[in-house]
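Read-outs: derived from the displayed coordinates by stated rules, not from any lab. The model shown is predicted, which means the values in this text are computed figures rather than measured ones. All Cβ positions, even for glycine, are placed from backbone atoms using ideal geometry, and neighbour counts span all protein chains on display.
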Amino acid sequence: MTTATSHRTPLPQGFWGFQSGLWLTLSTLLGVGLYSLMREVIEVAVVEAMWRTFAIGGMGFVVTSLFVSPLRRLVDQPLSTPATVKRVVGVSFLGALPCVLVAWLVRPPPRFHERGGGAGPLPPPPSLAGELLFPGVPLLMLLLAWSSLFLTVMSNLRAQAEQVSRLAMQAQATEARLDNLRQELNPHFLFNALNSIYGAVDEDPARAQQMILRLSEVLRYSLRRGAPLVPLSDELPIVRAYLDIERTRFDDRLQISEQIAPAAERLSLPPLALLTLVENAVKHGMRSSPMPLRLRLVASAEGGALHIVVANTGALAAQDRDGAVGLKNLRERLATLFPERHLFTLTQHDDEVQASLVTRVEAT
């Protein structure tokens, strides 16, 4: 059995300053308005009218400040809509009682102007119910409006906080997934590169030593933890180091050409993505291509998107389309980092196998 816990939604920044300013402003406007409205009927000095309305406004400040705790509970532990409305109305009604009491206690005495002989008798003094209803109804409406506004603002803040929390959790899960995928590549590249070096140890130890130095550059890069995306300019030196290993091993059986646009080097792709395509092209090309294996690397920038083509002579076998560990890993990383913003294809064009990758950092 599990219990759900809910953290307390924080108040908006500057809430208490706004609360104080709101009731100060309302008290001032109420005092000025009442004085202007009633000075022709009731002999009330402006100072007297103002301090009385400030007494009512001060009680409104106290009451709405006490509202904060129960209304926050409604936000943190929401009820059904009818129950919420009932709770807000009940709280506002209870809060209006002390405000009405203060308004009645500080009401000015009815000192009416003297009337002429033909003006008729003075009107009877207002009843107690009238004296209570006159400030009570407007104060109740004011408290209902304040409560509704508070609930709306706090509910929006909680929704935003929950969205930020969800996004943070998703980001952590994505980062962990990418890290796992990246770690999966390390032994994959290591074993393939070691197999290449193994073939050169007996034939040419000096050449094998040079291959090990180049391999150390590749491994240092692959083991590095960093951003989920890197510029192509960071990836190219590692790809060239890997190709040096393979070129040292295969000599004239491997021919490499590059066509890299300067604008493309500034665009980003997942770390080891290009190395994955190149390694796959060499490994499968050596199995299916007549010698020499010709490897072609093209990178361009079109409309803010990075276009990469890694082509090799040879045949595209069925297992090469989906079965390679590196390509499966690459597809998963692309789906995580570029959802609906990438295109990866592996196709046969005459005697050439082409791996094409298009990535766009921002959606269009």
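Quick query: amide H of ILE256 versus all other amide H atoms, modeled in the peptide plane; which residues come in under 5 Å with a sequence gap of 5 or more or a different chain?
So ILE256 has HN proximity to LEU295.
Assuming 0.36 nm per residue, please report the length gained on full extension of the stretch THR25 to GLN348 beyond their Cα-Cα distance.
Length difference between fully extended and current span is 108.7 nm.
Once phi is turned into ³J(HN,Hα) by the Karplus curve 6.51 cos²θ - 1.76 cosθ + 1.60 with θ = phi - 60°, what whole-Hz value does each residue of the range 70-86 show in order, with x for glycine and proline?
x, 6, 5, 5, 5, 6, 6, 10, x, 9, 5, 4, x, 5, 5, 4, 4
Residue by residue, what Karplus-based ³J(HN,Hα) values in Hz, rounded to whole numbers, does the range 144-155 have, using 6.51, -1.76 and 1.60 with θ = phi - 60° and x for Gly and Pro?
4, 5, 4, 5, 5, 5, 4, 4, 5, 5, 5, 5
Ranked by Cβ crowding within 10 angstrom, fewest neighbours first, how are VAL164, VAL201, VAL310 ordered?
With the sparsest Cβ surroundings first, the list reads VAL164, VAL201, VAL310.
What order do you get for 139-151, 64-76 when each peptide is scored by the mean count of other beta carbon atoms within 10 Å, highest first?
Taking the mean over residues of other Cβ atoms within 10 Å, the ranking is 139-151, 64-76.
Could you pull out every residue, at least 5 positions away or on a different chain, whose amide H is within less than 5 Å of the one on VAL230? Hs are placed 1.01 Å off N in the peptide plane, and Pro or chain starts have none.
LEU269
Sorted by mean Cβ packing within 10 Å, highest first, what order do the peptides 250-256, 26-32 take?
Ranking, from highest mean packing down: 26-32, 250-256.
From the phi angles alone, apply the Karplus equation (6.51, -1.76, 1.60; θ = phi - 60°) to the range 342-359 and give each ³J(HN,Hα) in whole Hz, x where the residue is Gly or Pro.
8, 9, 10, 9, 10, 9, 9, 10, 6, 9, 10, 9, 10, 9, 10, 10, 10, 10
With a point put 7 Å past each Cα toward its Cβ, work out how far TRP104 is from GLU302 in nm, to one decimal.
With each label point 7 Å from Cα toward Cβ, the separation is 8.2 nm.
Given the Cα-Cα distance of VAL89 and ASN156 and 0.36 nm per residue of separation, how much length would full extension add, in nm?
Here the segment from VAL89 to ASN156 would lengthen by 22.1 nm.
5 Å is the cut-off here: which amide hydrogens, built 1.01 Å from N in the peptide plane, fall below it relative to THR9, excluding neighbours closer than 5 in sequence?
Hits under the 5 Å cutoff: none.
What is the packing order of peptides 12-19, 95-102, 337-344, taking the mean over residues of other C-beta atoms within 10 Å and listing the highest first?
The packing order, highest mean first, is 95-102, 337-344, 12-19.
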